[in-house]
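Asker: Pasting a structure here, questions to come.
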Amino acid sequence: MENPWRDGSSLKSKSGGFRIVAITDPSGDICRNLVRSILEILSKTPLRIIGNDCARKPLFAPILSMNPRFVSPDGVGINSAEAAPIRVLRLLILVGWLASSLAQAGDLGEVLARRVDSSGVDYAGWKASAEDRKTLVDFTESAAIQDLGSYSREEKMAFLINAYNAWMLRLVLEKYPVASVKDIAPNFGVFSRPLIRVAGREMSLNDLEKGWLLKEFKEPRVHFAVNCASRSCPPLLPKLWKAETLEADLEAAARDYLTRNPLGVDPASGRISQIFEWYAADFSGREGVRSFLKKYRPVPEKLAFLEYDWTLNSKQ
């Protein structure tokens, strides 16, 4: 079933006199249940679809505290049986407050557009901006509790790619300045230790990439989407990944890395990134690597690999 609750979508009440634009929380995820609840109350229809995910977000605490009957017995959800009698005026006030709060919240896509370009990431500027750091933290905290049950394949993949990249950025910025991600934790611990949380699960970056993204979707181009904050890694995009453009962006990322990036393929020697050595199985082995490369460029008779550069991908 297609998810109708996307940025910029809108619905009208049955009376035709009230309009709500789908509201976006600071992480960029539509808080579907809260918006639908408000809409149904205002249009005097039964309150049917209520969930706990919005109630857990600190941003929505004032909404619940203004009417304790809204809170379910366990204290973390919304009590649909008691919500219906709320006055329309109070709801209008709440909607106004919510819209005001959300308007002040940062958007990670906008921060990426300012802090990332083809030369790398402006970690120094990001670290110096409390607002930009908070936007990133808000995004990762939202990703940590997101319910993916209703997501399509494309929505889920885009979400998980964004979650990986955001957590990688956060881990780097928490330790910045560093010369390499290897300096964040010994023995590449930044990738192997359970330092992140996504969709209610505590895990490592390796778990997210290898145990979830690659295992579930069987899509080797994920390697060109997730960014390990290192020079030899396929570049971080200056935008968030979206379901609507996922296929085109995956194809563009792979093509750019293999035709325009000397750390993906060295034009002089023909050597290729060690990604294809370490993760050959994701491309169906050495012959699968060859077949994959042939879609983008000529392939030498014998595959040879570039040494991976783990220097931090700071903006030059």
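Asker: List the pairs from LYS218/LYS242; LYS295/LYS315; LYS156/LYS210; LYS134/LYS175 whose alpha-carbon separation is above 21 Å, in the order I gave them.
Answerer: Numbers: LYS218/LYS242 18 Å; LYS295/LYS315 30 Å; LYS156/LYS210 15 Å; LYS134/LYS175 15 Å.
Beyond 21 Å between Cα atoms: LYS295/LYS315.
Asker: Provide ARG170, ARG260 in ascending order of the number of other Cβ atoms located within 10 Å of each residue's Cβ, fewest first. Could the numbers behind the result be given before it?
Answerer: Working: ARG170 17, ARG260 12.
Ordered from fewest to most neighbouring Cβ atoms within 10 Å, ARG170, ARG260 come out as ARG260, ARG170.
Asker: Would you please name the GluC sites (Glu not before Pro) within the range 226-302 that are DSSP coil residues with at most 16 other C-beta atoms within 10 Å of their C-beta?
Answerer: Hits after loop and neighbour filter: GLU301.
Asker: Sequence-distant or interchain residues sharing an amide H contact under 5 Å with ALA199, placed H: which?
Answerer: Under 5 Å from the amide H of ALA199 lie the amide H atoms of ALA144, ILE145, GLN146, each far enough along the sequence or on another chain.
Asker: Going by how many other beta carbons lie within 10 Å of each one, how would you line up ASP107, ASP147, fewest first? Show your work: numbers first, answer last.
Answerer: Working: ASP107 18, ASP147 14.
The fewest-first ordering by Cβ neighbours comes to ASP147, ASP107.
Asker: Testing the spin-label approximation: label points 7 Å from Cα along Cα→Cβ at ARG114 and LYS239. State their distance in nm.
Answerer: 1.9
Asker: Fewest to most neighbouring Cβ within 10 Å: what's the order for LEU213, LEU246?
Answerer: Starting with the residue having the fewest Cβ neighbours, the order is LEU246, LEU213.
Asker: Where does the charge balance sit around ASP207 when Lys and Arg score +1, Asp and Glu -1, over other residues with C-beta under 13 Å from its C-beta? Present the calculation step by step, with values, prior to reporting the outcome.
Answerer: Working: positive: ARG193, ARG197, ARG201, LYS210, LYS215; negative: GLU202, GLU209, GLU216.
With Lys, Arg at +1 and Asp, Glu at -1, the neighbours total +2.
Values quoted throughout were computed directly from the atomic coordinates according to the rules given, and no laboratory measurement underlies them. Keep in mind it's a predicted model, so treat the numbers as computed, not measured. Heads up, the Cβs are rebuilt from the backbone with ideal geometry, glycines too, and the neighbour counts pull from every protein chain shown.
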